[in-house]
């Protein structure tokens, strides 16, 4: 996946993908991919390891606004998924729609049609390339459509859920 990240006034494109043997390949500003291992320590805390050096990183993402703390240093910035921003720009009709950006298998469906959800609540989990991806509600509202079924496969750009305000 590709993200446009701005930290400390510097904007860069960050590409993140899975490694065959676990971990992630991360390329910053078109540079050579670097292997990064990471795991969750808590709700907003992760461990990140590169070249044998491990550190704890606290991260909070609210929409596109990022706050993080690394080695006691606070960072603030934005993380933009250009694909999601483009979908939003082409017609507010997709405001509550959640699409899978890649093909994969639906692991869990955590909501039902008619259920009230809050922005950021996990709706569906899709496994792609041995990574579980959590898809969250983009808005507060009610689940209007949930074509996702655990155990089924989805194509890239498939509708996973639609939430109405």
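The values are calculated or read from the model by the stated rules, or taken from the named source; none is laboratory data. Worth saying up front: this structure is predicted, and the values here are computed from it rather than measured. Positions of Cβ are generated from backbone atoms using ideal geometry, with glycine treated the same way; all protein chains shown enter the neighbour counts.
Values computed for the structure shown
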item: Single match in 97, 56, 68, 88 (criterion: within 29 Å of residue 9 (Cβ to Cβ), surrounded by 12 or more Cβ atoms within 10 Å (Cβ to Cβ) and at pLDDT 85 or above); result: 56
item: Residues of the range 2-21 that turn out to be surrounded by fewer than 13 Cβ atoms within 10 Å (Cβ to Cβ) and outside any strand (DSSP E or B), as a count; result: 4
item: The range 22-31, residues that are in contact with a strand residue (DSSP E or B) (Cβ under 9 Å, 6 or more places away or on another chain) and either assigned to a loop (DSSP other than H, G, I, E, B) or at pLDDT below 85 (or both); result: 22, 23, 29, 30
item: Those residues of the range 50-73 which are part of a strand (DSSP E or B), closer than 20 Å to residue 3 by Cβ and touching a strand residue (DSSP E or B) at 6+ places or on another chain (Cβ under 9 Å), in sequence order; result: 50, 57, 58, 59, 60, 61, 65, 66, 67, 68, 69, 70
